[in-house]
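None of the figures in this text is laboratory data; all of them are computed from the coordinates on show. Given the structure is predicted, the values throughout are model-derived calculations rather than measurements. Neighbour counts run over all protein chains shown; Cβ positions are idealised from the backbone, glycine included.
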Amino acid sequence: MDKPAQIGAEYSEEIRAAAERFGDHEGMSPARVLKWMLQFSEEDLPLAEKLLQQLRYFNANNLRALTRQMVEMIMNEVDGATPGGTVFVPLSREPGGGAEIVARVLRSLRNPVRPRIMTMVDLGEPPSNVDTLVFVDDFSGTGDTLTEWWETIEALVRPLAARAVFAALIMTSGAAERVSEFAVAASVLELGPDSNVLGDDNAVFDGSEKERIFAYCRDTGCDAALLRGYGECGLLLAFTHGCPNNSLPILWYGDKGWDTLFLRRAI
């Protein structure tokens, strides 16, 4: 039995479980999971298995549930937000991006309210009866994108005299702190410093494991700025529609020959 077949047989249950959990990600299969694992040395295969177990994956159903919770949270926790006066604006950067996924779910919701949705173009002509503008995205790891958006749209928002809220389904505590400097920051799930796999606050992986994980990140051939994930976030996080570059590059960086587990942008 050759090495791939041997490893595939030894870790068959773990590989099948991972492929099922990530099943709605484009191109996912047991063969893809196995190919990713084969890049780890034999003695590090338990580490690869542990990475799979610790990875947070959000499928289409999870995203729908999180979006509904986000609407409920805005209505219940943001002072002055009313169903008729709250407008949700997706921070769309590209077709099929995370904000578009959230917007698609918002358009299908009827409970707890039927969200009022506008685009950035709509803000050029001030809408009536708006008390709260909620700029939405799927994820914020550093707050960079939200900060850049605010610098772009502040001149449009200020004349409306509406409260500005930047809401992501998932946000790191660092991003929330940064956004709160200029707007209300809201997220259904906030990731603390312990979510940084390579950070001192993470107790799931010991020092030796962190060193080996970082060595595999170097093996991907990614730029130095991405070795710990963008913004040094060090996350194990992926979605049905892609994998943020704030996650460790062993999950998504394939430009230099590393076989990725997830696509940066999936269908």
Mind checking which of GLY221, GLY257, GLY80 has the largest fluctuation in a GNM of the chain, springs on alpha carbons under 10 Å?
GLY257
Could you line up SER12, SER140 from fewest to most neighbouring Cβ atoms inside 10 Å?
SER12, SER140
Checking the a/c ratio against 1.5 first, then a/b against b/c, what shape does the Cα gyration tensor give for region 1-91?
prolate
I'd like the antiparallel share, as a percent to the nearest 5, of DSSP beta bridges with both residues in the chain.
5
Between LEU55, LEU123, LEU237, where does the largest GNM mean-square fluctuation fall for the chain, given springs only between Cα atoms within less than 10 Å?
LEU123
Where the only charges are on Cβ atoms (+1 Lys, Arg; -1 Asp, Glu), what is the dipole of the chain about its Cα centre, to the nearest 20 debye?
940
Dipole in debye (nearest 20) - region 60-191, about Cα centre, beta carbon charges: Lys, Arg +1; Asp, Glu -1:
620
In a GNM of the chain with a 10 Å cut-off on Cα contacts, which of ASN111, ASN245, ASN196 has the highest mean-square fluctuation?
ASN111
Could you state the angle between the C-alpha long axis of helix 60-77 and the longest principal axis of the C-alpha atoms of the chain, as a value from 0 to 90 degrees rounded to the nearest 10?
40
Which one, (i) 18; (ii) 25; (iii) 31, gives percent of Cα pairs over 31 Å apart as derived from the coordinates shown?
(iii)
Tell me, what HN-Hα J-couplings in whole Hz come from the Karplus equation 6.51 cos²θ - 1.76 cosθ + 1.60 at θ = phi - 60° for each residue of region 226-242, using x for Gly and Pro?
10, 4, 9, x, 4, x, 6, 6, x, 8, 10, 8, 8, 10, 4, 9, x
